[in-house]
Amino acid sequence: MTLTELARRTPAIVDAVEDRTPNDPIARRLRELGFVAGEEVVVVAAGPLGAEPLLVQVGFTRFALRRVEAARVRLRSNGAGA
């Protein structure tokens, strides 16, 4: 599942940030901002038009991400045994 598919207010764990191109600058920046394996992430809200941007919280910090950026973040469930 990707961050764009995550239901609002449902915590999940970042599995990886996928590079779309070699040395993908957007994926690199997401990792620098804290979207790294093992971090909890939550979609707090979505914009009114096309649900863009997504307001995403990782740790105690919130970011507004375009859907094309959020689609790079692969998640795993935050359930028991995850």
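Quick test for you: out of Val56, Val44, pick the one residue that is out of contact with any helix residue (DSSP H, G or I) (no Cβ under 9 Å at 6 or more places or on another chain), part of a strand (DSSP E or B) and touching a residue at least 12 places away in the same chain (Cβ under 8 Å). Break it down stepwise before answering.
Working: Val56 fails: out of contact with any helix residue (DSSP H, G or I) (no Cβ under 9 Å at 6 or more places or on another chain).
Selected residue: Val44, the only one of Val56, Val44 that is out of contact with any helix residue (DSSP H, G or I) (no Cβ under 9 Å at 6 or more places or on another chain), part of a strand (DSSP E or B) and touching a residue at least 12 places away in the same chain (Cβ under 8 Å).
Among what's in the stretch 15-28 and is of a type outside the set (Gly, Ala, Ser) and surrounded by 13 or more Cβ atoms within 10 Å (Cβ to Cβ), pick the residue that is farthest from Glu5 (Cα to Cα). Result: Asp24. Select from the stretch 41-70 the residues that are under 18 Å from Glu18 (Cα atoms) and out of contact with any strand residue (DSSP E or B) (no Cβ under 6 Å at 6 or more places or on another chain) and write down the one among them that is most open to solvent (accessible area, probe 1.4 Å). Per the criteria, the residue is Arg66.
Annotation note: Cβ proximity below 7 Å between a residue of the stretch 15-32 that is over 10 Å from Arg72 (Cβ atoms) and a residue that is open to solvent by 80 Å² or more (accessible area, probe 1.4 Å) (sequence gap 6+ or interchain) occurs for Asp15/Arg74; Asp15/Arg76.
The values are calculated or read from the model by the stated rules, or taken from the named source; none is laboratory data. On a predicted model such as this, the values are computed, not experimentally measured, just so you know. Virtual Cβ from ideal backbone geometry, glycine too; neighbours counted across all protein chains shown. The protein model used for the area step is the full one, side chains on, heavy atoms only, and it has no ligands, DNA or RNA in it. Shrake-Rupley method; radii C 1.70, N 1.55, O 1.52, S 1.80 Å.
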